[in-house]
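The values are calculated or read from the model by the stated rules, or taken from the named source; none is laboratory data. For clarity, every value in this text was computed on a predicted model and none was experimentally measured. Glycine gets a Cβ as well: all are built from the backbone with ideal geometry, and neighbour counts include every protein chain shown. Protein only, heavy atoms only, side chains kept; ligands, DNA and RNA dropped before computing areas. Shrake-Rupley method; radii C 1.70, N 1.55, O 1.52, S 1.80 Å.
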Amino acid sequence: MEEERELRLMKGNDAIAEAAIRAGFDAFYGYPITPQTEVMEYLMETDATARTGMAVLQAESEVSAINMVYGGASTGHRVMTSSSSPGISLMAEGISYIAGAELPCLLINVSRGGPGLGTIQPSQADYFQTVKGGGHGDYKLLTLAPSSVQELTDFIPLGIDLAFKYRNPTMILADGALGQMMEKVALAPQRPRLADYPDWATNGTPRGKERRYITSLNLLPKEHELVNIRLQAKYREMEKNEVRYQEFMCDDAEYVIVAFGIIARIAQKAIEIAREKGHKIGLFRPISLYPFPMDQIKALAENPRIKGFLSVELSAGQMIEDIRLAVEGRKPVGFFGRQGGMVPTPGEVEEALYKQFNIK
(Lines give C-alpha, C1' and ligand atoms only; values in the text may rest on other atoms or scores of the structure.)
Protein backbone atom coordinates (compact mmCIF):
# COMPACT_ATOMS: atom_id res chain seq x y z
CA MET A 1 0.00 0.00 0.00
CA GLU A 2 1.42 3.36 -1.08
CA GLU A 3 1.86 6.02 1.56
CA GLU A 4 -0.56 8.94 1.33
CA ARG A 5 1.20 12.16 0.36
CA GLU A 6 0.18 15.78 0.74
CA LEU A 7 0.32 17.95 -2.39
CA ARG A 8 1.66 21.50 -2.03
CA LEU A 9 3.09 24.25 -4.20
CA MET A 10 6.41 25.05 -2.54
CA LYS A 11 9.67 26.91 -3.04
CA GLY A 12 12.66 24.54 -3.06
CA ASN A 13 14.19 25.87 0.15
CA ASP A 14 10.87 25.63 1.98
CA ALA A 15 10.43 22.08 0.68
CA ILE A 16 13.86 21.14 2.08
CA ALA A 17 12.82 22.34 5.52
CA GLU A 18 9.37 20.73 5.47
CA ALA A 19 10.86 17.44 4.27
CA ALA A 20 13.42 17.56 7.08
CA ILE A 21 10.69 17.96 9.69
CA ARG A 22 8.71 15.08 8.19
CA ALA A 23 11.82 12.90 7.94
CA GLY A 24 12.13 12.99 11.73
CA PHE A 25 15.34 14.99 12.03
CA ASP A 26 16.46 15.73 15.56
CA ALA A 27 18.35 18.93 14.86
CA PHE A 28 19.29 21.56 12.28
CA TYR A 29 22.32 23.77 12.82
CA GLY A 30 23.01 26.48 10.26
CA TYR A 31 23.92 30.02 9.36
CA PRO A 32 22.16 32.27 6.82
CA ILE A 33 23.60 32.72 3.34
CA THR A 34 21.81 33.45 0.07
CA PRO A 35 20.31 31.57 -1.79
CA GLN A 36 19.40 29.04 0.95
CA THR A 37 18.54 31.24 3.93
CA GLU A 38 14.83 30.32 3.74
CA VAL A 39 15.60 26.76 4.91
CA MET A 40 16.34 27.88 8.46
CA GLU A 41 13.71 30.63 8.32
CA TYR A 42 11.01 28.09 7.42
CA LEU A 43 12.06 25.75 10.24
CA MET A 44 11.73 28.63 12.71
CA GLU A 45 8.57 30.20 11.27
CA THR A 46 6.69 26.89 11.18
CA ASP A 47 8.00 26.03 14.67
CA ALA A 48 9.62 22.71 13.90
CA THR A 49 10.46 22.33 17.59
CA ALA A 50 6.79 22.45 18.62
CA ARG A 51 5.81 20.07 15.82
CA THR A 52 8.31 17.25 16.44
CA GLY A 53 10.79 18.38 19.07
CA MET A 54 13.39 19.12 16.40
CA ALA A 55 16.07 21.54 17.60
CA VAL A 56 16.72 24.46 15.25
CA LEU A 57 19.67 26.71 16.00
CA GLN A 58 21.35 29.56 14.16
CA ALA A 59 25.04 29.28 15.00
CA GLU A 60 27.41 32.26 15.06
CA SER A 61 29.16 31.02 11.90
CA GLU A 62 29.36 28.14 9.45
CA VAL A 63 32.37 26.82 11.37
CA SER A 64 30.28 26.65 14.54
CA ALA A 65 27.35 25.08 12.68
CA ILE A 66 29.34 22.18 11.23
CA ASN A 67 30.93 21.45 14.60
CA MET A 68 27.48 21.36 16.17
CA VAL A 69 26.55 18.85 13.47
CA TYR A 70 29.69 16.87 14.45
CA GLY A 71 28.59 16.82 18.08
CA GLY A 72 24.99 15.91 17.30
CA ALA A 73 25.97 13.18 14.86
CA SER A 74 28.29 11.63 17.45
CA THR A 75 25.26 10.97 19.67
CA GLY A 76 23.53 9.00 16.92
CA HIS A 77 20.84 11.60 16.20
CA ARG A 78 19.58 12.64 12.77
CA VAL A 79 21.25 16.01 12.25
CA MET A 80 21.73 18.28 9.26
CA THR A 81 22.87 21.64 7.98
CA SER A 82 22.38 23.62 4.80
CA SER A 83 24.49 26.35 3.28
CA SER A 84 25.70 27.75 -0.03
CA SER A 85 29.08 27.59 -1.71
CA PRO A 86 31.28 29.95 0.40
CA GLY A 87 29.60 28.60 3.52
CA ILE A 88 30.40 25.02 2.54
CA SER A 89 34.01 26.10 2.05
CA LEU A 90 34.08 27.29 5.65
CA MET A 91 32.63 23.94 6.76
CA ALA A 92 35.20 21.88 4.84
CA GLU A 93 37.48 21.14 7.80
CA GLY A 94 34.56 19.99 9.95
CA ILE A 95 33.19 17.84 7.12
CA SER A 96 36.55 16.09 6.87
CA TYR A 97 36.50 15.48 10.65
CA ILE A 98 32.98 14.03 10.44
CA ALA A 99 33.94 11.74 7.55
CA GLY A 100 37.09 10.67 9.42
CA ALA A 101 35.07 9.93 12.55
CA GLU A 102 32.59 7.94 10.42
CA LEU A 103 29.47 9.80 11.46
CA PRO A 104 26.16 10.10 9.60
CA CYS A 105 24.68 13.51 8.82
CA LEU A 106 23.00 15.37 5.96
CA LEU A 107 24.66 18.35 4.28
CA ILE A 108 22.86 20.50 1.71
CA ASN A 109 24.58 22.90 -0.67
CA VAL A 110 22.24 25.24 -2.56
CA SER A 111 25.17 26.38 -4.65
CA ARG A 112 25.92 29.80 -6.12
CA GLY A 113 28.48 31.22 -8.53
CA GLY A 114 32.10 31.74 -7.57
CA PRO A 115 35.01 31.82 -7.05
CA GLY A 116 35.05 34.06 -4.02
CA LEU A 117 31.82 35.74 -3.02
CA GLY A 118 30.84 35.65 -6.68
CA THR A 119 27.11 35.89 -7.23
CA ILE A 120 23.93 34.62 -5.62
CA GLN A 121 22.82 33.14 -8.94
CA PRO A 122 22.89 29.36 -9.59
CA SER A 123 26.06 27.43 -10.37
CA GLN A 124 27.40 23.86 -10.55
CA ALA A 125 31.00 24.87 -9.95
CA ASP A 126 31.06 23.12 -6.55
CA TYR A 127 31.27 19.71 -8.23
CA PHE A 128 35.01 19.35 -7.58
CA GLN A 129 34.62 20.59 -4.01
CA THR A 130 31.92 18.01 -3.36
CA VAL A 131 33.01 14.81 -5.10
CA LYS A 132 36.78 15.26 -5.07
CA GLY A 133 36.95 16.28 -1.40
CA GLY A 134 36.66 19.91 -0.37
CA GLY A 135 38.53 19.23 2.85
CA HIS A 136 41.74 17.35 3.60
CA GLY A 137 42.39 13.63 3.44
CA ASP A 138 41.09 10.67 1.46
CA TYR A 139 37.36 10.84 2.16
CA LYS A 140 34.19 10.74 0.09
CA LEU A 141 30.72 12.22 0.47
CA LEU A 142 27.72 10.30 -0.78
CA THR A 143 26.35 12.93 -3.18
CA LEU A 144 22.86 13.23 -4.67
CA ALA A 145 21.97 15.77 -7.37
CA PRO A 146 18.24 16.57 -7.65
CA SER A 147 16.78 18.14 -10.78
CA SER A 148 13.37 19.12 -9.38
CA VAL A 149 11.85 20.35 -6.14
CA GLN A 150 10.19 16.95 -5.81
CA GLU A 151 13.53 15.18 -5.94
CA LEU A 152 15.00 17.75 -3.57
CA THR A 153 12.24 16.80 -1.15
CA ASP A 154 12.57 13.05 -1.64
CA PHE A 155 16.34 13.10 -1.19
CA ILE A 156 16.08 14.44 2.37
CA PRO A 157 14.96 11.14 3.98
CA LEU A 158 16.96 9.13 1.44
CA GLY A 159 20.09 11.12 2.20
CA ILE A 160 19.99 10.61 5.95
CA ASP A 161 19.09 6.92 5.55
CA LEU A 162 22.15 6.43 3.33
CA ALA A 163 24.25 8.36 5.82
CA PHE A 164 23.26 5.97 8.62
CA LYS A 165 23.64 2.92 6.36
CA TYR A 166 27.30 3.74 5.73
CA ARG A 167 28.11 5.94 8.75
CA ASN A 168 29.15 8.66 6.34
CA PRO A 169 28.03 12.22 5.53
CA THR A 170 25.62 12.62 2.61
CA MET A 171 25.62 15.77 0.51
CA ILE A 172 22.68 16.99 -1.55
CA LEU A 173 24.18 19.21 -4.24
CA ALA A 174 21.43 21.50 -5.48
CA ASP A 175 21.73 25.03 -6.88
CA GLY A 176 20.24 28.46 -6.45
CA ALA A 177 17.60 27.86 -9.12
CA LEU A 178 16.20 24.79 -7.36
CA GLY A 179 16.30 26.53 -4.00
CA GLN A 180 14.28 29.50 -5.24
CA MET A 181 11.89 28.00 -7.81
CA MET A 182 8.36 26.88 -6.94
CA GLU A 183 6.90 23.54 -8.03
CA LYS A 184 4.21 21.13 -6.97
CA VAL A 185 5.55 18.57 -4.51
CA ALA A 186 4.07 15.46 -2.93
CA LEU A 187 5.19 15.50 0.70
CA ALA A 188 5.74 12.24 2.55
CA PRO A 189 3.85 11.68 5.82
CA GLN A 190 5.51 12.39 9.14
CA ARG A 191 7.85 9.71 10.37
CA PRO A 192 8.88 9.51 14.02
CA ARG A 193 12.17 10.70 15.41
CA LEU A 194 14.61 7.99 16.41
CA ALA A 195 13.77 6.18 19.64
CA ASP A 196 16.77 3.85 19.73
CA TYR A 197 20.27 5.00 18.97
CA PRO A 198 23.16 3.02 17.42
CA ASP A 199 25.51 1.07 19.63
CA TRP A 200 28.44 3.21 18.44
CA ALA A 201 26.88 6.49 19.59
CA THR A 202 28.20 8.43 22.56
CA ASN A 203 25.57 8.51 25.28
CA GLY A 204 27.13 9.75 28.49
CA THR A 205 27.99 6.27 29.73
CA PRO A 206 28.16 6.18 33.55
CA ARG A 207 31.40 5.33 35.34
CA GLY A 208 32.13 1.64 35.53
CA LYS A 209 30.58 0.86 32.13
CA GLU A 210 32.18 0.66 28.71
CA ARG A 211 32.96 4.10 27.37
CA ARG A 212 32.52 5.03 23.74
CA TYR A 213 35.02 7.25 21.98
CA ILE A 214 34.50 8.98 18.64
CA THR A 215 37.39 10.79 17.01
CA SER A 216 39.17 11.25 13.70
CA LEU A 217 42.55 11.49 15.45
CA ASN A 218 44.98 8.58 15.38
CA LEU A 219 48.67 9.31 15.95
CA LEU A 220 49.94 5.77 15.26
CA PRO A 221 50.66 5.45 11.51
CA LYS A 222 50.08 1.71 11.31
CA GLU A 223 46.71 1.99 13.02
CA HIS A 224 45.67 5.04 11.05
CA GLU A 225 46.51 3.30 7.80
CA LEU A 226 44.10 0.54 8.81
CA VAL A 227 41.44 3.19 9.42
CA ASN A 228 41.98 4.55 5.92
CA ILE A 229 41.92 1.07 4.40
CA ARG A 230 38.57 0.46 6.11
CA LEU A 231 37.23 3.77 4.78
CA GLN A 232 38.29 2.95 1.23
CA ALA A 233 36.60 -0.46 1.48
CA LYS A 234 33.41 1.33 2.56
CA TYR A 235 33.61 3.66 -0.44
CA ARG A 236 33.92 0.65 -2.77
CA GLU A 237 30.70 -0.69 -1.21
CA MET A 238 29.00 2.62 -1.98
CA GLU A 239 30.24 2.42 -5.57
CA LYS A 240 28.83 -1.09 -5.88
CA ASN A 241 25.44 -0.39 -4.32
CA GLU A 242 24.48 3.27 -4.57
CA VAL A 243 24.88 4.37 -8.20
CA ARG A 244 21.82 6.30 -9.38
CA TYR A 245 21.14 7.70 -12.85
CA GLN A 246 18.46 8.32 -15.46
CA GLU A 247 18.51 7.82 -19.23
CA PHE A 248 16.24 9.70 -21.64
CA MET A 249 15.95 8.62 -25.29
CA CYS A 250 19.30 6.81 -25.24
CA ASP A 251 17.97 3.60 -26.85
CA ASP A 252 18.58 4.84 -30.41
CA ALA A 253 20.74 7.90 -29.70
CA GLU A 254 23.79 8.73 -31.79
CA TYR A 255 24.92 11.53 -29.47
CA VAL A 256 24.43 11.75 -25.71
CA ILE A 257 24.23 14.88 -23.57
CA VAL A 258 25.40 14.32 -20.00
CA ALA A 259 24.00 16.78 -17.45
CA PHE A 260 22.87 16.86 -13.84
CA GLY A 261 20.58 18.97 -11.71
CA ILE A 262 18.59 21.83 -13.21
CA ILE A 263 20.67 21.74 -16.41
CA ALA A 264 19.47 18.21 -17.13
CA ARG A 265 15.95 19.60 -17.50
CA ILE A 266 17.13 22.25 -19.94
CA ALA A 267 19.09 19.61 -21.85
CA GLN A 268 16.02 17.37 -22.04
CA LYS A 269 14.06 20.15 -23.71
CA ALA A 270 16.94 20.73 -26.14
CA ILE A 271 16.85 17.03 -27.00
CA GLU A 272 13.10 17.13 -27.66
CA ILE A 273 13.64 20.06 -30.04
CA ALA A 274 16.50 18.24 -31.79
CA ARG A 275 14.41 15.08 -32.11
CA GLU A 276 11.69 17.06 -33.91
CA LYS A 277 14.38 17.96 -36.48
CA GLY A 278 15.33 14.31 -36.95
CA HIS A 279 18.50 14.25 -34.81
CA LYS A 280 18.89 11.22 -32.55
CA ILE A 281 20.07 12.75 -29.30
CA GLY A 282 19.79 11.23 -25.80
CA LEU A 283 20.29 12.40 -22.24
CA PHE A 284 22.24 10.68 -19.49
CA ARG A 285 21.61 12.24 -16.08
CA PRO A 286 23.82 11.26 -13.15
CA ILE A 287 21.73 11.39 -9.98
CA SER A 288 24.51 10.18 -7.71
CA LEU A 289 27.58 12.32 -8.37
CA TYR A 290 29.44 10.11 -5.91
CA PRO A 291 29.36 7.30 -6.62
CA PHE A 292 29.51 8.48 -10.24
CA PRO A 293 27.88 6.14 -12.82
CA MET A 294 31.17 5.24 -14.50
CA ASP A 295 30.17 1.77 -15.72
CA GLN A 296 26.91 2.99 -17.23
CA ILE A 297 28.60 5.74 -19.25
CA LYS A 298 31.34 3.31 -20.24
CA ALA A 299 28.67 0.94 -21.59
CA LEU A 300 27.23 3.75 -23.73
CA ALA A 301 30.72 4.58 -25.01
CA GLU A 302 31.23 0.96 -26.05
CA ASN A 303 28.04 1.05 -28.14
CA PRO A 304 29.07 1.47 -31.81
CA ARG A 305 25.96 3.56 -32.47
CA ILE A 306 27.10 6.36 -30.12
CA LYS A 307 29.29 8.92 -31.89
CA GLY A 308 30.03 11.34 -29.06
CA PHE A 309 29.14 12.88 -25.71
CA LEU A 310 28.53 16.49 -24.67
CA SER A 311 28.90 17.53 -21.04
CA VAL A 312 26.63 20.49 -20.26
CA GLU A 313 27.35 22.25 -16.97
CA LEU A 314 26.98 25.52 -15.08
CA SER A 315 30.75 25.71 -14.70
CA ALA A 316 33.98 25.93 -16.67
CA GLY A 317 33.94 22.13 -16.96
CA GLN A 318 34.24 19.84 -13.93
CA MET A 319 32.02 16.77 -14.38
CA ILE A 320 33.51 16.39 -17.87
CA GLU A 321 36.66 14.96 -16.26
CA ASP A 322 34.69 12.04 -14.82
CA ILE A 323 32.90 11.53 -18.14
CA ARG A 324 36.26 11.32 -19.92
CA LEU A 325 37.51 8.82 -17.33
CA ALA A 326 34.44 6.67 -17.95
CA VAL A 327 34.62 6.92 -21.75
CA GLU A 328 38.35 6.07 -21.73
CA GLY A 329 38.95 7.68 -25.12
CA ARG A 330 36.48 5.47 -26.97
CA LYS A 331 34.42 8.43 -28.20
CA PRO A 332 34.91 12.21 -28.32
CA VAL A 333 33.67 14.15 -25.29
CA GLY A 334 32.75 17.79 -25.84
CA PHE A 335 31.79 20.53 -23.42
CA PHE A 336 29.35 23.40 -23.19
CA GLY A 337 28.98 25.53 -20.09
CA ARG A 338 27.80 28.87 -18.79
CA GLN A 339 29.33 30.59 -15.77
CA GLY A 340 28.79 33.44 -13.35
CA GLY A 341 25.16 32.55 -12.72
CA MET A 342 24.17 32.54 -16.39
CA VAL A 343 21.80 29.70 -17.31
CA PRO A 344 21.65 28.51 -20.94
CA THR A 345 18.46 28.16 -22.94
CA PRO A 346 17.51 24.86 -24.61
CA GLY A 347 18.32 26.51 -27.94
CA GLU A 348 21.86 27.32 -26.80
CA VAL A 349 22.42 23.72 -25.70
CA GLU A 350 21.07 22.45 -29.01
CA GLU A 351 23.32 24.76 -31.03
CA ALA A 352 26.36 23.84 -28.91
CA LEU A 353 25.78 20.16 -29.69
CA TYR A 354 25.50 20.80 -33.43
CA LYS A 355 28.63 22.94 -33.43
CA GLN A 356 30.67 20.50 -31.32
CA PHE A 357 30.00 17.52 -33.60
CA ASN A 358 29.36 19.34 -36.88
CA ILE A 359 25.77 18.07 -37.06
CA LYS A 360 23.88 19.49 -40.05
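Structure above, values below:
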| read-out | value |
| --- | --- |
| Members of region 73-98 found to be within 17 Å of Pro198 (Cα to Cα), open to solvent by less than 10 Å² (accessible area, probe 1.4 Å) and not β-branched (Val, Ile, Thr), listed by number | Ala73, Gly76 |
| Qualifying residues in region 249-279 (those that are outside any loop (DSSP other than H, G, I, E, B) and either touching a Gly at 6+ places or on another chain (Cβ under 6 Å) or modelled with pLDDT under 95 (or both)) - the one nearest to Val110 (Cα to Cα) | Val256 |
| Flag for Gln246 being in a loop (DSSP other than H, G, I, E, B) and either of a type in the set (Lys, Arg) or open to solvent by 70 Å² or more (accessible area, probe 1.4 Å) (or both) | no |
| For Lys331: the one exception among (1) in contact (Cβ under 8 Å) with a residue 12 or more places away in the chain; (2) closer than 17 Å to Phe292 by Cβ | (2) |
| Within region 274-306, considering residues that are within 24 Å of Thr130 (Cβ to Cβ) and of a type in the set (D, E, K, R), the one least open to solvent (accessible area, probe 1.4 Å) | Arg285 |
| Any hit, region 307-318, residues being over 15 Å from Phe260 (Cα atoms) and open to solvent by 50 Å² or more (accessible area, probe 1.4 Å) | yes |
| Any pair with Cβ under 7 angstrom, 6 or more apart, that starts in region 137-152 at a residue that is touching a residue at least 40 places away in the same chain (Cβ under 8 Å) and closer than 13 Å to Asn168 by Cβ and ends at one that is assigned to a strand (DSSP E or B) and open to solvent by 10 Å² or more (accessible area, probe 1.4 Å) | Lys140/Tyr290; Leu141/Tyr290; Leu142/Tyr290; Thr143/Tyr290 |
| Among the residues listed as Ser216, Ser288, the single one being within 20 Å of Ile323 (Cβ to Cβ) and polar (S, T, N, Q) | Ser288 |
| Residues satisfying the stated conditions in region 8-35, i.e. open to solvent by 10 Å² or more (accessible area, probe 1.4 Å) and free of Cβ contacts under 8 Å to residues at least 40 places away in the same chain | Asp14, Pro32 |
| Candidates Asn228, Asn241, Asn218 - the one that is modelled with pLDDT of 90 or more and closer than 26 Å to Asp154 by Cβ | Asn241 |
